Amino acid sequence: MALLESIDDPARIRTLDEEQLAQLCAEVRAYIISCCAENPGHIGASLGAVEIAVAIHHVFHTPEDKVVWDVGHQAYAHKILTGRRDAFKQNRKYHGISGFPRMDESPYDAFGTGHSSTSISAALGLAVAAQQEGKKEHVIAVIGDGAMSGGLAFEGLNNAGSLNADILVILNDNQISIDKNIGALHNYLLKVTTDRRYNRLKKSIWDRLGAGRFREWLQKQVKNTKRSLTRADGETLSLFDSLGFRYFGPVDGNDIGTMTYMLTRLKDIPGPKLLHVLTTKGKGYAPAEEDQTVWHAPGTFDVETGRRTGKKRDIAKFQEVFGTTLLDLARTDSRIVGITPAMASGCSMNILQKEMPGRVFDVGIAEQHAVTFSAGLAAGGMLPFCNIYSSFSQRAYDSIIHDVALQKLKVILCFDRGGLVGEDGATHHGAFDMTAYRPVPNLTIAAPLNEAQLRDLMYSATQPAYGATIIRYPRGYGNGTPWRDRPFMYIEPGTAVKLHEGKDVALLSIGAVGTMGAEAVERASREHGIEVLHYDMRFLKPLDLAALEDACAKARHIITLEDGACTGGLYSAVAEYIAGHGLPCTLTGLGIPDRFIEQGTPAELYADCGYDVKGILSAILK
């Protein structure tokens with residue numbers, strides 16, 4: 001990799017000719033594959049965006065010129081080319097570099113991104129700031145077609161067009177986010193990319209654009225073709241035109257010559273511009289091209305064979321329990337439907353989707369819409385299960401309050417990836433859900449200890465005693481509790497389960513971290529003779545007050561344990577109870593502290609935050 005090894009910053013890239021740029025793209029692609037084979041990451045999108053990254057850094061003078069990468073799944077080449085080539089081997093590892101752009105990591109990361117659809121708004125802010133300060137900076141936003149379905153992207157487009165800001169949006173269209181993209185925008189873009197007349201003429205036009213005396217005639221033909229496409233395809237192209245953007249494309253985003261040619265010519269065109277590029281997710285690695293959903297983030301693999309080498313376990317993941325249980329419930333209740341914002345395979349709602357496709361609604365990357373759509377379904381007599389990753393639910397906060405809780409609509413919100421999720425880091429940890437939703441009236445909030453409890457809570461939430469309900473659970477494997485083919489057991493709202501009797505200390509846990517708590521309790525008894533009263537609270541709201549009273553009566557010291565922010569969560573709820581009743585108990589809270597937690601394995605992060613088994617035992621002994 002002689003050429004890549006000479007790239008310590010983008011200045012070197014700007015000296016390369018087209019043949020060398022093509023060689024660099026090949027080397028970067030090979031480097032991403034070799035690194036991700038041993039150190040897993042989001043490989044598919046980044047392989048598809050290599051030429052985009054190389055072309056941007058060849059044409060523009062970064063970091064003076066600013067580039068904002070939406071989400072960051074497509075930004076691996078960018079990181080490698082901006083002084084982090086060697087550090088990339090520690091990508092997403094504890095104390096390594098983040099898997100997403102971060103402003104405090106590099107001056108080339110103009111804006112930190114982890115959740116989708118933010119790039120256009122952020123880039124617009126950077127462009128307006130440069131304008132206000134009289135700086136001659138170019139600002140580029142790179143956004144995937146999946147992220148373009150997010151409402152924030154449309155808000156950014158609308159505002160940018162009205163301000164006539166000098167901004168270039170590169171729409172990276174690969175037809176897939178994690179699962180295949182859906183929705184009206186996807187269909188619009190598909191019509192553009194498959195129209196034979198447009199593609200025929202576009203090729204000849206882009207090949208000749210700028211060729212002297214033909215320029216005016218060619219540009220006129222482009223304009224006329226766009227107009228005819230608009231009439232034939234129901235305003236496909238007028239979507240961007242009407243928002244004040246000059247539309248260019250579609251072009252081959254995996255051809256480095258085309259990309260540098262287009263960016264060079266667009267560089268000095270003032271005002272808002274959108275370049276529509278077509279790429280292949282997983283480009284250059286056959287297994288990733290053939291199964292783009294799996295290779296979005298495949299885990300470890302053998303480079304030569306493409307065989308995934310991650311360890312397989314007999315224990316089920318919480319996601320599998322959710323998907324299987326949802327199907328079981330849907331078979332017995334025709335009102336049950338599933339709603340997901342582009343995470344059907346990630347949350348395992350594809351299990352229901354495969355058998356009952358008409359009862360699953362993938363709304364695209366649009367969490368706020370997913371919740372309000374679910375509320376409308378509930379108002380119409382359906383029983384919606386809306387599954388959203390915990391950290392992404394933050395985007396739907398107002399909808400959960402205003403459209404679900406306030407109206408007392410029975411929407412069952414299943415928050416996947418609750419707690420510390422691992423290598424995706426601060427943007428993806430489900431740290432704030434219990435804290436955020438505990439003050440909201442008319443909500444039941446539950447967190448299962450294990451697989452069987454998740455199954456029973458999902459069933460119980462369909463029963464009359466439950467209204468709007470949040471069930472949050474972690475990413476990954478349960479503790480092996482049998483759950484398949486067992487009859488559903490009803491769980492009364494606000495009831496805890498006593499796991500261990502004791503009197504020296506009381507441990508009140510909620511969620512799957514209670515398994516680590518149980519191990520610490522057992523060790524305290526076996527190794528130190530300390531008997532700990534342990535309650536699995538199950539519900540944050542309503543709290544089991546009888547369990548609290550029992551704990552306060554038997555133990556002078558109480559420890560709360562939660563895989564979420566202590567501030568506002570179970571710790572705060574118990575503190576409020578103790579203070580409100582003037583009880584002589586002392587209280588220690590174990591959970592996510594008041595800081596953003598970086599990336600690392602869950603085990604490393606639990607230890608960092610002090611609530612792995614060792615940390616829990618230490619708190620008991622203290």
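Structure values in brief
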| read-out | value |
| --- | --- |
| Positive-pole candidate from Gly44, Tyr437, Met382, dipole of the chain, charges at beta carbon | Met382 |
| Residues with amide H under 5 Å from that of Thr300, placed H, sequence gap 5 or more | Thr309, Gly310 |
| Counting DSSP beta bridges with both ends in the chain, the antiparallel % (nearest 5) | 15 |
| Relative contact order [Cα under 8 Å, 6+ residues apart], the range 312-427, whole percent | 24 |
| Dipole magnitude (debye, nearest 20) for the chain, charges at Cβ of Lys, Arg, Asp, Glu | 1560 |
| For the chain, with +1 on Lys and Arg beta carbons and -1 on Asp and Glu, the positive-most of Leu617, Gly589, Pro101 along the dipole | Pro101 |
| Cα gyration tensor shape of the range 227-348, rounded if a/c is under 1.5, else prolate or oblate by comparing a/b with b/c | oblate |
| Average silhouette area of the range 18-159, convex hull of alpha-carbon atoms, in square nanometres | 8.7 |
| All-pairs Cα distance distribution in the chain, expressed in whole percent, bin size 20 Å | 19, 48, 28, 6, 0 |
| Karplus 3J(HN,Hα) series, Hz, for the range 332-346 with 6.51 cos²θ - 1.76 cosθ + 1.60 (x for Gly, Pro) | 9, 9, 5, 7, 6, 9, x, 10, 9, x, 6, 10, 4, 6, x |
| Sorted by Cβ neighbour density within 10 Å, fewest at the top, the residues Lys281, Lys408 | Lys408, Lys281 |
| Under Karplus coefficients 6.51, -1.76 and 1.60, residue-wise ³J(HN,Hα) of the range 98-105 in Hz, glycine/proline x | 6, x, 10, x, 9, 4, 7, 9 |
| Thr601 long-range amide H proximity, modeled H, under 5 Å | Tyr94 |
| Helix 119-132 axis, angle to the chain major axis (alpha carbon atoms, nearest 10°) | 60 |
| Folded to 0 to 90 degrees: helix 215-232 orientation relative to the chain principal axis, Cα | 40 |
| Overall Cα dimensions of the range 24-104 - principal axes, largest extent first, Å | 32, 29, 21 |
| Angle in degrees between helix 18-38 and the longest Cα principal axis of the chain, rounded to the nearest 10 | 10 |
| Helix-only CD estimate at 222 nm, as mean residue ellipticity for the chain, using -39500 (n - 2.57) per DSSP H run (n ≥ 4) | -11500 deg cm²/dmol |
| DSSP bridge pairs, the range 318-472: antiparallel proportion in percent, nearest 5 | 5 |
| Unit charges on C-beta of K, R, D, E only; dipole of the range 416-465, Debye | 220 |
| Among the listed pairs Lys317/Lys541; Lys89/Lys614; Lys93/Lys273; Lys354/Lys410, those beyond 28 Å (Cα-Cα) | Lys89/Lys614; Lys93/Lys273 |
| Fraction of alpha-carbon pairs over 20 Å apart in the range 438-546 - percent | 43 |
| Total charge dipole magnitude, the range 331-391, about the Cα centre, Cβ charges on Lys, Arg, Asp, Glu only, Debye to nearest 20 | 140 |
| GluC sites (Glu not before Pro) within the range 289-340, DSSP loop, no more than 12 other Cβ atoms inside 10 Å | Glu304 |
| The range 372-431 - Rg over Rh from alpha carbon coordinates, Kirkwood radius | 1.06 |
| Karplus (6.51, -1.76, 1.60) ³J(HN,Hα), θ = phi - 60°, over the range 472-484, in Hz, Gly and Pro reported as x | 10, 8, x, 7, x, 7, x, 9, x, 5, x, 9, 6 |
| Bridge type composition, the range 497-621 - antiparallel percent by DSSP, nearest 5 | 15 |
| Using distinct alpha-carbon pairs, which all enter the 1/r mean, Kirkwood radius of the range 318-472 in Å | 15.1 |
| Sequence-distant residues sharing a close amide H with Ala431 (under 5 Å, placed H) | Gly419 |
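Every number in this text was worked out from the coordinates using simple rules, so none of it is lab data. Model, not experiment: these values are computed from the prediction. Cβ atoms come from the backbone with ideal geometry, glycine included; neighbour counts cover every protein chain shown.
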